[in-house]
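The values are calculated or read from the model by the stated rules, or taken from the named source; none is laboratory data. Predicted model, so just to flag it, every value in this text is computed and none were measured. So basically every Cβ, Gly included, is an ideal-geometry build from the backbone, and we count neighbours across all protein chains shown. We work out accessible area using only protein heavy atoms, side chains counted, and drop any ligands, DNA or RNA first. Shrake-Rupley method; radii C 1.70, N 1.55, O 1.52, S 1.80 Å.
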Amino acid sequence: MAASGSQRYPVYRRYSVTSPPMHVTVLGAGSWGTALSILLGRNGHDVTLIGRNSAELAEMRATHRNCHYLPNFDIPESVKFASFDHEPSNVDITVVAVPSSAVRQIVRSVLGVHPLVVVASKGLETETGKSMCEVVSETLTHAEVGVLSGPNLALEIARGIPTVAVASFARQPSREAVRDAFTSRMFRVSTSDDVIGVELAGALKNVLAIGAGMSDGLGFGDNTKGAFISRGLMEMARLGLVMGAKMETFLGPAGVGDLYATAASKLSRNYRIGRALGEGRSLESALAELGQVAEGVPTSNAARLLAIRHEVDMPVFAAVAAVLNGRVEPKQAVGMLMERTSSMGDFL
């Protein structure tokens, strides 16, 4: 149960679901996987939430709450809990909601048949720069793989407040099936065929959220943060267009919408890491206090790799990566961006 004195959030109910009940497997029992399981369970689906920590799984079975990540929310009775040695059957949809650094390993180890996979992890593979859809497709070769992304903070999804997302698959029937499974009165899902753009926007905005947090931590105002975010958005779109994405994706919920939510909210892990760095904390201490993964940290190096590979000038991303790698201090990086000197090329 929630700790004594903890805040209990209101939940907006009366969900109207457009999809018949489905069998959904969610990989990852952190805050993100739990929030999506709560949403899917409220929508009437039979959900199996798979995690790695046996003690936490036992606690969730006993309390039907994730006391470690989302302690104030009841998990619907239609959600069951299992470890990765469980082999789910008759799976209609599989949702990948683990940190990007673990996606290849986790997906490789999962048992059962998974025909339709929704990637909800927002990151890039550090060593290769590959998207999570690419990683999953290489591992589950017979699955159809797409992405669900948007301005989706886990806590707010659990609260049931109005939220939108984008489901992107190559095939229209698949994106419509995922849309219908997730859609409710308070969670509206649109569809897109721009898998590259939706996934790239969702991964890269985490890096910009760290930079936005740095700006606030340094004591700069909204002028500075607005300039940083807008220039970063241009760089995201520039890289995306070179890689085959559509500009409209970066101007919609999966792009600027997700960027705003992540770069402006104190609920955002990446923003909180950036703010701590701007206030003079070390990356190690900031991550230790957070106690969870901040995807923008490893993604900053993958973004640098893609910028070099595709010959795209991305000084804002380069500056954030330089701070995270300990090559410059946050204030120095801001100064270099303002001056836009040739030394920025050293970051790339």
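Contact map, the range 327-348: first residue farther than 18 Å from Leu208 by Cβ and outside any loop (DSSP other than H, G, I, E, B), second residue at pLDDT 75 or above and open to solvent by less than 40 Å² (accessible area, probe 1.4 Å), Cβ cut-off under 7 Å, separation 6 or more or different chains; pairs are Ser343/Met336. Of all the listed residues (Val323, Val242, Val312), the sole one being open to solvent by less than 20 Å² (accessible area, probe 1.4 Å) and over 22 Å from the mean Cα position of the chain (by Cα) is Val312.
Taking into account only those residues within the range 14-60 that are among the charged types (D, E, K, R) and over 24 Å from the mean Cα position of the chain (by Cα), which is modelled with the highest pLDDT? Within the range 14-60, the match that is modelled with the highest pLDDT is Glu59.
For the range 173-197, a residue qualifies if it is part of a loop (DSSP other than H, G, I, E, B), of a type in the set (Gly, Ala, Ser) and open to solvent by 10 Å² or more (accessible area, probe 1.4 Å), but none of them does. Among the conditions (1) polar (S, T, N, Q); (2) at pLDDT 95 or above; (3) over 19 Å from the mean Cα position of the chain (by Cα), Thr224 misses just one, which is (2).
Residues in the range 139-155 that are open to solvent by 30 Å² or more (accessible area, probe 1.4 Å) and free of Cβ contacts under 8 Å to residues at least 40 places away in the same chain: Thr139, Leu140, Thr141, His142, Glu144. Determine whether the range 260-279 contains at least one residue that is open to solvent by 10 Å² or more (accessible area, probe 1.4 Å) and on the phi > 0 side of the Ramachandran plot. The answer is no; no qualifying residue exists.
Every listed requirement among (1) outside any loop (DSSP other than H, G, I, E, B); (2) of a type outside the set (Val, Ile, Thr); (3) surrounded by fewer than 19 Cβ atoms within 10 Å (Cβ to Cβ) is met by Ala158 save one, (3).
The C-beta contact set for the range 220-240 (first residue without any contact (Cβ under 8 Å) to a residue 40 or more places away in the chain and more than 22 Å from Val312 (Cβ to Cβ), second residue part of a helix (DSSP H, G or I) and open to solvent by 10 Å² or more (accessible area, probe 1.4 Å), distance under 8 angstrom, 6+ apart or interchain) comprises Lys225/Asp216.
Quick grid of which residues meet (1) farther than 24 Å from Glu134 by Cα; (2) at pLDDT 95 or above; (3) among the small types (Gly, Ala, Ser):
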residue	(1), (2), (3)
Ala264	yes, no, yes
Pro298	no, yes, no
Ala333	yes, no, yes
Met344	yes, no, no
